[in-house]
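Engineer: Mind having a look at this structure? Questions to follow.
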Amino acid sequence: MNLKPETLKSIDEVITHYPSKRSATLPLLHLIQEDVGFIPEEAIPWIAAKLEIQPINVYEVVTFYPMFRRQPIGRRHIKVCRTLSCALMGGYKTCAAFEREFNTHRGEVSADGEVTIDFVECLASCGTAPVVLIDDDLHEKVDLAKAKQLSDQIKKEAASRR
Amino acid sequence: MPSERRIIFQHIDEPGYTNDLACYQRHGGYEILKKAVLRKPEELIDEVKKSGLRGRGGAGFPCGVKWGLVDRKSGKPIYLIVNADESEPGTFKDRYIMHQDPHQLIEGTMISCFANNVKQAYIYIRGEMPHGARILEKAIAEARAANFVGKNILGTSYSCDIFVHRGAGAYICGEETGLIESLEGKRANPRIKPPYFPAVLGLYQCPTIVNNVETLCHVKYIAEHGGEAYARIGTPGNTGTRIFCVSGHVQRPGYYEFEAGKITMGQLLNEVCGGPLPGRKFKAVIPGGSSAKIMRFGERYKGKRKVGAEMVDYDWGVEDVPMDFDSLAMIGTMGGSGGVIVMDDTVNMVEALANINAFYSHESCGQCTPCREGALWMKKITTRMVHGAARTEDAALLKSVADQIPGRTICAFGEACSWPTQSFIAKFGDEFKNYAETKKTAKPAETALI
Ligand SMILES: Cc1cc2nc3c(=O)[nH]c(=O)nc-3n(C[C@H](O)[C@H](O)[C@H](O)COP(=O)(O)O)c2cc1C
Ligand code: SF4
Ligand code: FES
């Protein structure tokens, strides 16, 4: 495992938060995903050794929790809320708008590698529906105009990198 | 019309109010903890018992009773877990407390820990709130540096730390025993009760208190004003304030804090939230998070209820129902987490149920066959009705699947996932039976729900 020194430092620190090392499974997975972008195969035995548990104990956790991904995704992760309050206010249309803007489908990485769009379940911001989480940031009342504006911003950033 | 009474959301969205320690202390922050640690812990538990505070996570279980069940003789450490998983669809109150007023939660947590002789607390926050987790971590670090958290708090012999633990996108982590499994580093498969009551065999098989974010903020208020004063807010049996999270088809969705039971559904939706969208009419409302049974505008609820010492008749429409745990339970639904989801006459109930069923099918942990398979089939049937062929007999089929789940599962998710289908079919059965015909004639819905 090739992890950044600050990730390794955080890993050692977070293990001390619990009387049982195994409790650090989720925190370690989060730290590794933040560092690498996804959970690579070799992370599973690595975490198991670190926490003195079996690889299967880590594997069953990775496969249970929707936020952990086992392959790379686009540079930006666009998560559109699918659940009732957002759907009532047009969440499905918002999602379709992002798909059109980036010419991709939910669950796929766009051809240029810039984005992955996913539906997620209720993000606990139903009063400002429809909502979208882009990486760590919540965007509220994302109607078609706002979806376009957010997409343009992402495209502009992508262009400036090239 | 009663006016809002903000005790928990006092500073939410207040201009100039920031989430750092200095701002919190300028507003009197941690003064209540300073007084609390000089009292006897049992006194604080008594105040909470007297207050009648009921848990705000969904079940409305009396907080003082919960604390009273904690096994204090086992010799094992007692843990407190703050349930900050907030994932019941329609619920969005804990988010604002954690992002905008994190020290209120930390002070409430520390008072609760001191009252229960807890030496280690964890805040289990849902994975989709990374900023929330960072804000809490920073706030805890500030509180630790000021000696409100950590070793020898405020110069006393009492020590207690708090750590933040992030979930990773699974709704079932909100269920307290699933949460405990998750905090132990496992899949969030809920545990069977008995024997695994958290108060006795919780985290690491030690006595554990699990309370919702908002509940612990109420504890802070109770420690300040006393249990009796708190019990005078709201109505008997439903004390304190409730935060209603209104979403869906109203003019002014959002959060509103009122004394429990002092406002009716009609006042909340028509006066506070400005009524239906222009040209529309209310059709249905889910009063306490998506698991709560739906209410249909136009239906009547009749029976006898206790007012003081007397039994009186009631005959209510949806608009007349007081917004408190007991009244909503009396008419066959629940106050739950306070998430009020409103649907107007543009919504087809088959499509709305298909949306809800997709949620539950995705979120079942999969341990119990009735839940895993039932939730999946309810989703498959309602999705097929919308996107494929709908049949008249689907209504009965859906009901039969739903009826086979509750009471046969390890956790209350079994009830949570079957109540929507049961109540939608009971109240909008004709809409389900006629859906095939509707699809032939009606133009497709403008807003897809599935
Ligand atoms: C399926 C399911 C999901 C739940 N989700 C949450 C949640 O997201 N947040 C929460 O505070 N309680 C949730 N609960 C309730 C908890 O199990 C528990 O009752 C609550 O945290 C206790 O706190 P309280 O007494 O302060 O309400 C859920 C319960 C079930 C059955
Ligand atoms: S009822 Fe459903 S969510 Fe609860 S333990 Fe059983 S399968 Fe899991
Ligand atoms: S339904 Fe989208 S945030 Fe709750």
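The values are calculated or read from the model by the stated rules, or taken from the named source; none is laboratory data. Values in this document were obtained by computation on a predicted structure and should not be read as measured data. Ideal geometry is used to build each Cβ from the backbone, glycine not excepted, and the neighbour counts take in all protein chains shown. Heads up: the accessible areas ignore ligands, DNA and RNA and are worked out on the full protein's heavy atoms, side chains in. Shrake-Rupley method; radii C 1.70, N 1.55, O 1.52, S 1.80 Å.
Engineer: Kindly establish whether B:Leu397 is within 16 Å of ligand 2 (Cβ to nearest atom), open to solvent by 20 Å² or more (accessible area, probe 1.4 Å) and away from chain A (no Cβ under 14 Å).
Structural biologist: Considered against the rule, which asks whether it is within 16 Å of ligand 2 (Cβ to nearest atom), open to solvent by 20 Å² or more (accessible area, probe 1.4 Å) and away from chain A (no Cβ under 14 Å), B:Leu397 comes out as no.
Engineer: Sticking with this one: Could you tell me which of the residues B:Gly275, B:Gly332, B:Gly279 is in a loop (DSSP other than H, G, I, E, B), under 25 Å from the mean Cα position of the chain (by Cα), over 26 Å from B:Asp394 (Cβ atoms) and at pLDDT 95 or above?
Structural biologist: Result of the check over B:Gly275, B:Gly332, B:Gly279: B:Gly275.
Engineer: Is it true that some residue in segment B:207-219 is within 29 Å of B:Gly29 (Cα to Cα) and either more than 13 Å from ligand 1 (Cβ to nearest atom) or touching a His at 6+ places or on another chain (Cβ under 7 Å) (or both)?
Structural biologist: So far as segment B:207-219 goes, no, none of its residues is within 29 Å of B:Gly29 (Cα to Cα) and either more than 13 Å from ligand 1 (Cβ to nearest atom) or touching a His at 6+ places or on another chain (Cβ under 7 Å) (or both).
Engineer: Now for a different question. Filter segment B:105-130 down to the residues that are over 13 Å from B:Ala84 (Cα atoms) and either free of Cβ contacts under 8 Å to residues at least 60 places away in the same chain or open to solvent by 10 Å² or more (accessible area, probe 1.4 Å) (or both) and list them by number. Step through it out loud before you land on a result.
Structural biologist: Here is the first cut: in segment B:105-130, the ones over 13 Å from B:Ala84 (Cα atoms) are B:107-108, B:110-120.
B:Cys113, B:Phe114, B:Asn117, B:Lys119, B:Gln120, listed by residue number.
Engineer: While we're here: Has segment B:151-173 got at least one residue that is open to solvent by 40 Å² or more (accessible area, probe 1.4 Å) and of a type in the set (A, V, I, L, M, F, W, C)?
Structural biologist: Yes.
Engineer: Sticking with this structure for a sec: I need the full set of residues from segment A:74-105 which are within 14 Å of chain B (Cβ to nearest Cβ) and open to solvent by 50 Å² or more (accessible area, probe 1.4 Å), in order please.
Structural biologist: A:Met89, A:Lys93
Engineer: Of all residues in segment A:2-23, which are surrounded by fewer than 22 Cβ atoms within 10 Å (Cβ to Cβ), of a type in the set (Gly, Ala, Ser) and at the interface with chain B (Cβ under 7 Å from one of its Cβ atoms)?
Structural biologist: If the condition is that a residue be surrounded by fewer than 22 Cβ atoms within 10 Å (Cβ to Cβ), of a type in the set (Gly, Ala, Ser) and at the interface with chain B (Cβ under 7 Å from one of its Cβ atoms), then A:Ser20 is the only one that fits.
Engineer: For segment B:227-252, how many residues meet the condition of being within 25 Å of B:Gly279 (Cβ to Cβ) and surrounded by fewer than 24 Cβ atoms within 10 Å (Cβ to Cβ)?
Structural biologist: Of the residues in segment B:227-252, 2 are within 25 Å of B:Gly279 (Cβ to Cβ) and surrounded by fewer than 24 Cβ atoms within 10 Å (Cβ to Cβ).
Engineer: So, of the residues in segment A:125-160 that are more than 14 Å from chain B (Cβ to nearest Cβ) and of a type in the set (S, T, N, Q), which turns out to be surrounded by the fewest Cβ atoms within 10 Å (Cβ to Cβ)?
Structural biologist: Among them, the one singled out is A:Ser160.
Engineer: What number of residues in segment B:292-304 are over 20 Å from B:Pro89 (Cβ atoms) and surrounded by 15 or more Cβ atoms within 10 Å (Cβ to Cβ)?
Structural biologist: Of the residues in that region, 2 qualify.
Engineer: Residue check, B:Asp71 against (1) surrounded by fewer than 24 Cβ atoms within 10 Å (Cβ to Cβ); (2) closer than 30 Å to B:Ala358 by Cβ; (3) away from ligand 2 (no atom under 16 Å from the Cβ), all met but one. Which one?
Structural biologist: (2)
Engineer: Next up: Give me the pairs: first residue in segment B:388-413 and closer than 21 Å to B:Cys365 by Cα, second residue of a type in the set (Lys, Arg) and surrounded by fewer than 21 Cβ atoms within 10 Å (Cβ to Cβ), beta-carbon distance under 8 Å, and six or more apart or on different chains, which are they?
Structural biologist: That search, which allows pairs on different chains as well, returns B:Ile410/B:Arg191.
Engineer: Counting only residues that are open to solvent by less than 20 Å² (accessible area, probe 1.4 Å) and either more than 17 Å from B:Ile7 (Cβ to Cβ) or not charged (D, E, K, R) (or both), how many does segment B:85-103 have? First the steps, then the outcome.
Structural biologist: First, the residues of segment B:85-103 that are open to solvent by less than 20 Å² (accessible area, probe 1.4 Å): B:85-87, B:89-94, B:97-98, B:101-103.
After this cut, where a residue has to be either more than 17 Å from B:Ile7 (Cβ to Cβ) or not charged (D, E, K, R) (or both) as well, the list is B:85-87, B:89-92, B:97-98, B:102-103.
Qualifying residue count, segment B:85-103: 11.
Engineer: Condition (residue is touching a Cys at 6+ places or on another chain (Cβ under 8 Å), more than 15 Å from ligand 1 (Cβ to nearest atom) and within 14 Å of chain A (Cβ to nearest Cβ)) applied to segment B:365-378: is it met by at least one residue?
Structural biologist: no
Engineer: Could you please let me know if B:Ile381 is farther than 30 Å from B:Thr239 by Cα and either touching a helix residue (DSSP H, G or I) at 6+ places or on another chain (Cβ under 7 Å) or of a type in the set (Lys, Arg) (or both)?
Structural biologist: Numbers: farther than 30 Å from B:Thr239 by Cα: yes; either touching a helix residue (DSSP H, G or I) at 6+ places or on another chain (Cβ under 7 Å) or of a type in the set (Lys, Arg) (or both): yes.
So B:Ile381 fits the description; yes.
Engineer: OK, next. Among the candidates B:Glu128, B:Glu137, single out the residue that is of a type in the set (D, E, K, R) and in a loop (DSSP other than H, G, I, E, B).
Structural biologist: Residue meeting the stated conditions: B:Glu128.
Engineer: So which residues in segment B:135-149 are over 25 Å from the mean Cα position of the chain (by Cα) and surrounded by fewer than 22 Cβ atoms within 10 Å (Cβ to Cβ)?
Structural biologist: Narrowing segment B:135-149 to residues over 25 Å from the mean Cα position of the chain (by Cα): B:138, B:141-149.
B:Lys138, B:Ala141, B:Glu142, B:Arg144, B:Ala145, B:Ala146, B:Asn147 - these are the residues of segment B:135-149 that are over 25 Å from the mean Cα position of the chain (by Cα) and surrounded by fewer than 22 Cβ atoms within 10 Å (Cβ to Cβ).
Engineer: Among the listed residues B:Pro190, B:Pro278, B:Pro195, B:Pro253, identify the single one that is within 16 Å of ligand 2 (Cβ to nearest atom) and within 30 Å of B:Ala352 (Cα to Cα).
Structural biologist: Residue meeting the stated conditions: B:Pro190.
Engineer: Under the condition of being under 18 Å from the mean Cα position of the chain (by Cα), outside any loop (DSSP other than H, G, I, E, B) and within 12 Å of chain B (Cβ to nearest Cβ), which residue from segment A:33-58 is surrounded by the fewest Cβ atoms within 10 Å (Cβ to Cβ)?
Structural biologist: So the residue we want is A:Glu34.
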